[in-house]
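The structure appears below as structure tokens.
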Amino acid sequence: MSDALYHEALMALAKDPAHAAPLGPADGVTVDNPLCGDRVTLAGRIADGKFVDIRHKVRGCALCQAAAAALARALEGRPVAALAAAESDLETALAGGAPPAPWAAFGPVARHKSRFDCVRLPFSAVKRLVSGT
């Protein structure tokens, strides 16, 4: 894994179109990071305790885009409880540990604490989706 913040694996996640989708203003939940201007809109359903059809639209940096893509890919079809495991894996990366893929791609962010909110923002959106707020 590269030590560069914007390395190849992270940029591949940021460009992953699998769960990126145009969403209308009334679709899903939207969270903002007022410090950097990142905005994540996330839509999806929860059925039988599992995430179904997760879609996101990100206006923001490559870190936020990559985190949204990784999170959507990690959660779709999985139980709601998988959110806690994904968040734990990301936090391991941000602490300089060695989490499993795709969270390992966020390892270089550990040296840039000012960018932590960028990669955590999609988690805030999913938590709002789960809570219905």
Can you tell me which residues in region 35-79 are in contact with a Leu (Cβ under 7 Å, 6 or more places away or on another chain) and over 16 Å from Phe116 (Cβ atoms)?
-> Thr41, Leu42, Ala43, Gly44, Phe51, Ile54, Arg55, His56, Lys57, Ala69, Leu75
Is at least one residue of region 26-37 aliphatic (A, V, I, L, M) and either within 17 Å of Ala14 (Cα to Cα) or touching a Cys at 6+ places or on another chain (Cβ under 6 Å) (or both)?
-> no
Please list, ordered by first then second residue, the pairs with beta carbon atoms under 6 Å, 6 or more apart or interchain, first in region 72-99 and over 18 Å from His19 (Cα atoms), second in a loop (DSSP other than H, G, I, E, B).
-> Asp89/Pro99; Thr92/Pro99; Ala93/Pro99
Any idea how many residues of region 73-101 are more than 15 Å from Arg120 (Cβ to Cβ) and out of contact with any helix residue (DSSP H, G or I) (no Cβ under 7 Å at 6 or more places or on another chain)?
-> 9
Being modelled with pLDDT of 90 or more and closer than 23 Å to Pro102 by Cα is the filter; apply it to region 15-32 and report the residue that is most open to solvent (accessible area, probe 1.4 Å).
-> Lys15
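The values are calculated or read from the model by the stated rules, or taken from the named source; none is laboratory data. Just so we're clear, the structure is a prediction, and the values are computed from it rather than from any experiment. Neighbour counts run over all protein chains shown; Cβ positions are idealised from the backbone, glycine included. Side chains are part of the model used for accessible areas, which takes the heavy atoms of the whole protein and leaves out ligands, DNA and RNA. Shrake-Rupley method; radii C 1.70, N 1.55, O 1.52, S 1.80 Å.
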